[in-house]
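Asks: Before I ask anything, let me first share the structure, which is written out below as C-alpha cells.
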C-alpha cells in the first residue's frame, strides 16, 4: 500500500532528549528605526558569535529568525556553558543586548524544525530574561548542579503561560553575567510570591497577618501615588506593518495577514481610533521618524512588531511607542500554535488596551474574538486570499476567491472566508470580472452562510449592505445592514465607506460626507475613500469642494486610477470636456472597468471627438454582449452622442436585468439631460429612490 502524507510525516519524525536554547536580541526593531547600520552591525556580531560558540559547545543551530536563534544541545551542561560564553563575549564592545533561556526535555525533531513542550518552555524562560543573563529551568539546574564551573542563583517560582504548575527558574551566576532582579523580569508570568489571601491560609500566621496587612496596604497606597503610571490619554493608534523574521520570504503573505487581522481586532474597541491597513501599509519599508509617521496618521501611539513562524508555532513581538516622544512604553512576546491564533489576537488586543488604560465596555468584550480554535490550513488559505484581495486588480480578486474556496474546503464552517468570498463576487460583478447575475447569486449565498455561522460578524453585515443596495435596490435594508455592521465593529472603515456612498447615491449628501469623513479618519491615506468623497461632492454639484479634495488626493496618490478617473468626471461635470480626456484615458488604461472606458467615451463625444467616441461605444457593446459591461455605462455614451432613445433603451435593459450600476442613476449629473423625458421619469419612479 502506498504511503500517505501522514505516514511519511511519521517516518521523518524523531524524538530525543535534548537541551533547547533560545537567544534573542532585545530592542532590535526599535534600533532598526533609529540606526539601521548600527543595528545590522550588532546583529551580524551576534550571528558570528553564535555560529562560532554553539558548535564549539557541541550544539546545533536549528534556525536563525531575524534577531534570534534556536539551538539544540545533547547536554544541558553544554547548553549552559555555551550561554555563559556567549554572554561574556557579547558584553565586550560593541555590546549586544542578548537574552538567553534554556530548558531540557523531550523534543520532536523533524526536517523543518523542532517542536514540543520543551521548546515552548525554553521560549517562555527566554522571555523572562534580561540582557546579559542566562536563565534556565529547575530541570536544567538538577542536571548541572554538580558542575563546579557553573554557578547558579534561584530566581524563584514563576507561573508561565499555558503551564499548569509553577516553574522554578535559575540564573547562571558566573562572573560577568547579569542576575535579574525581580523588578526586571517582564516575561509572560506572575511570580509565586505571598499574597494577602495566602497570609490567612495558615493558622500560625493569621494573627500576625492583620498587622502585616495594615502595613502592606499603607505601602501599596504610597507606592500607587509615587510610581509612574501607565501611559494615559492615548485614544488613537496605528499598527505599522509587521516584520517577517522567519527567514522565509514566502511567509510574507502570512505576516501581512496577521497585520491586517490585528488591526481588525483592535478596531472593535469602541473608544480607540485604529488606523486601517490601507493607510498603515504605505509605511512598509519606509524609513521615517516615528514621530512623523504618528503625525501623518493623526495618532498618539504606534505599534511596531515582528512575526516568526516555525512549523505550527507562531510568535509575535509587539512594542507600544509614544507617538509624540518616540518612547518605548511596553513590549511583549506572544506565542501560540496556529489553531489558537485567534486567542493570540484577542490577548494582544486586550493587553494593548490595558497598557494605554482604555476601558473595555461589555460590548467591546463581546466584539473581540473569543479564544476559538481555527483549522490552520483554512486560516492560511484565508490569509493568502487577503493577500490577493489587497492587490486590487481583477486577477487579484479572482485569485482571492480561489483561495477563500480552498479555505472552506479545509473548514466549511469558517465564517470570515464566506464574508470575504461575498466581497470578491460583488466587486467582480461590478467591475466586469464576471457576469453580474452569477456574481449576485454567489455573493448572496456566501453572505447567508457567513451570518448563519456567525451572526455577529461585522464584515458579513457590511457585505449584506452592499448586496442589498446593488442587487435588490433595497435602500432601507441596505442602511439597516450597514448600521448593524457599525454596531458590531465601530472601527471598520470599509462599512463607513460604503454607507457613505449609499447615502450619496440617495442624494443625502451631508450625511454621506459625514460617514465618508469617519472612514477617512480611520483610513486617512486610502485613495478609495479620498476618491469617494470627491465623487459625493460631484453628485452634490459642489464642484469647487470636489476639485480641492481631489487635487489634494492626487498629491498623495499621483497615479491612482480612481483619483484620476474622479478628476476626469469632475471636469466633465463642469463642461471641461477636452481637459477631462487626459485623466479619463489614463485611468481607463490602468483599469479593466467598463465604467472607466464609458466615461472616456462620454468625454470624447462631448468634446466632439466623434470617431474616438464611436470606437469606445463599439468596444462597450461587444463587452456588453458577454455580460461584462453594464447598459447603464453604455447609456452614458449614447447621451453624449445625442441619442436619447438608445440611452433610454440601455437604461430600461439595465432595469430589467437588475444592473448593479442603476443604483447610481440619480447621482450622476449627465443623466440630467434625460430628466424631462417621460420614459426617464417613469424609470426613476420604478427605481424607488428614497426621498
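The values are calculated or read from the model by the stated rules, or taken from the named source; none is laboratory data. As the structure is a computational prediction, the values presented were derived from the model and not from experiment. Cβ coordinates were reconstructed from backbone atoms using ideal geometry, including for glycine residues, and neighbour counts include every protein chain displayed.
Asks: In segment 445-476, which residue that is in a loop (DSSP other than H, G, I, E, B) and touching a residue at least 24 places away in the same chain (Cβ under 8 Å) is farthest from the chain's Cα centre (by Cα)?
Replies: 473
Asks: So if I check each of 442, 457, which one is in contact with a helix residue (DSSP H, G or I) (Cβ under 6 Å, 6 or more places away or on another chain) and at pLDDT 95 or above? If you could, list the steps in order and put the result at the bottom.
Replies: Details: 457 fails: at pLDDT 95 or above.
From the options 442, 457, the qualifying one is 442.
Asks: Let me ask you something else. Note down all Cβ pairs under 6 Å where the first residue falls in segment 400-429 and is at pLDDT below 95, the second is surrounded by fewer than 17 Cβ atoms within 10 Å (Cβ to Cβ) and in a helix (DSSP H, G or I), and they're at least six residues apart or on different chains.
Replies: Close Cβ pairs (under 6 Å, with a partner that is surrounded by fewer than 17 Cβ atoms within 10 Å (Cβ to Cβ) and in a helix (DSSP H, G or I)) amount to 410/377.
Asks: Further, regarding this structure: State yes or no: is residue 179 surrounded by 15 or more Cβ atoms within 10 Å (Cβ to Cβ), at pLDDT 85 or above, more than 30 Å from residue 343 (Cβ to Cβ) and out of contact with any strand residue (DSSP E or B) (no Cβ under 6 Å at 6 or more places or on another chain)?
Replies: No.
Asks: Test of understanding: among 299, 286, which residue is outside any helix (DSSP H, G or I) and buried (at least 19 other Cβ atoms within 10 Å of the Cβ)?
Replies: 299
Asks: Read through the list (1) farther than 24 Å from residue 628 by Cβ; (2) at pLDDT 95 or above, then give the number of the only condition that residue 583 fails.
Replies: Among (1) farther than 24 Å from residue 628 by Cβ; (2) at pLDDT 95 or above, the lone unmet condition for residue 583 is (1).
Asks: Here's something else I'd like to know. With 546, 592 as the choices, which residue is without any contact (Cβ under 8 Å) to a residue 60 or more places away in the chain, under 38 Å from the mean Cα position of the chain (by Cα) and under 30 Å from residue 279 (Cβ atoms)? Give the steps one after another, and end with the answer.
Replies: Values: 592 fails: without any contact (Cβ under 8 Å) to a residue 60 or more places away in the chain.
Exactly one of 546, 592 is without any contact (Cβ under 8 Å) to a residue 60 or more places away in the chain, under 38 Å from the mean Cα position of the chain (by Cα) and under 30 Å from residue 279 (Cβ atoms), namely 546.
Asks: Can you find even one residue in segment 346-355 that is part of a loop (DSSP other than H, G, I, E, B) and buried (at least 20 other Cβ atoms within 10 Å of the Cβ)?
Replies: For segment 346-355, residues part of a loop (DSSP other than H, G, I, E, B) and buried (at least 20 other Cβ atoms within 10 Å of the Cβ): absent.
Asks: Would you mind listing the helices (runs of 4 or more DSSP H) fully within segment 503-580 where at least 2 residues are touching a strand residue (DSSP E or B) at 6+ places or on another chain (Cβ under 9 Å)?
Replies: Output list reads 509-522.
Asks: Additional query: Of the residues 44, 58, which single one is modelled with pLDDT of 85 or more and at positive phi? Please lay out each step first, then the result.
Replies: Working: 44 fails: at positive phi.
Selected residue: 58, the only one of 44, 58 that is modelled with pLDDT of 85 or more and at positive phi.
Asks: Is it the case that some residue within segment 384-398 is closer than 24 Å to residue 491 by Cα, assigned to a loop (DSSP other than H, G, I, E, B) and assigned by TED's automatic domain parsing to the domain that holds residue 275?
Replies: The answer is no, given that none of the residues of segment 384-398 is closer than 24 Å to residue 491 by Cα, assigned to a loop (DSSP other than H, G, I, E, B) and assigned by TED's automatic domain parsing to the domain that holds residue 275.
Asks: Determine the pairs where a residue that is without any contact (Cβ under 8 Å) to a residue 40 or more places away in the chain and in the same structural domain as residue 571 (by TED's automatic domain parsing), located within segment 647-671, has a partner that is assigned to a helix (DSSP H, G or I) and surrounded by fewer than 16 Cβ atoms within 10 Å (Cβ to Cβ) with Cβ atoms under 6 Å apart, the partner being 6 or more residues away or on another chain.
Replies: 648/679
Asks: Could you say whether any residue in segment 89-103 is at negative phi and part of a helix (DSSP H, G or I)?
Replies: yes
Asks: Inside segment 22-70, can you point out the residues that are part of a strand (DSSP E or B) and within 31 Å of the chain's Cα centre (by Cα)?
Replies: 22, 23, 24, 25, 62, 63, 64, 65, 68, 69, 70
Asks: Further, regarding this structure: Residue 133 - would you say it is at pLDDT 65 or above and touching a helix residue (DSSP H, G or I) at 6+ places or on another chain (Cβ under 6 Å)?
Replies: Criteria not met by residue 133.
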